[in-house]
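Participant: To start, I am sharing the structure in question, which I have written as structure tokens.
Taken together, the values in this text are just the output of simple stated rules run on the coordinates, not laboratory data. Just so we're clear, the structure is a prediction, and the values are computed from it rather than from any experiment. Cβ placement follows ideal geometry from the backbone for every residue including glycine, while neighbour counts extend to all protein chains displayed.
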Amino acid sequence: MTDGSDLRRQLEERDAEITRLRELLVAKDVEIGEERGRRLELESYALRLIAYARLAKLAVTRPGELRRRVREHRSGERG
């Protein structure tokens, strides 16, 4: 009967290890998802900053061009 109880103990240990590893994997998936979300948020923020910087440069170097683009943008929103 010792073989049967040893086998049961080994199976229980294996199941416990599988459960532990599964929980680690789920935790890592959550962590990766959170990091991806933060990265996308930062990328979006950076793209907005770049767009504002380009507009500011255009306003300084070619104010007439900026006015034209703003008018075109506004007319595109209406029609």
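Participant: For region 47-59, check the following and say yes or no: at least one residue is surrounded by 10 or more Cβ atoms within 10 Å (Cβ to Cβ) and touching a Leu at 6+ places or on another chain (Cβ under 6 Å).
Facilitator: Yes, some residue in region 47-59 is surrounded by 10 or more Cβ atoms within 10 Å (Cβ to Cβ) and touching a Leu at 6+ places or on another chain (Cβ under 6 Å).
Participant: Please pick out the residue among 38, 68 that is under 28 Å from the mean Cα position of the chain (by Cα) and assigned to a helix (DSSP H, G or I). Please lay out each step first, then the result.
Facilitator: On the way: 68 fails: under 28 Å from the mean Cα position of the chain (by Cα).
Matching residue, one of 38, 68: 38.
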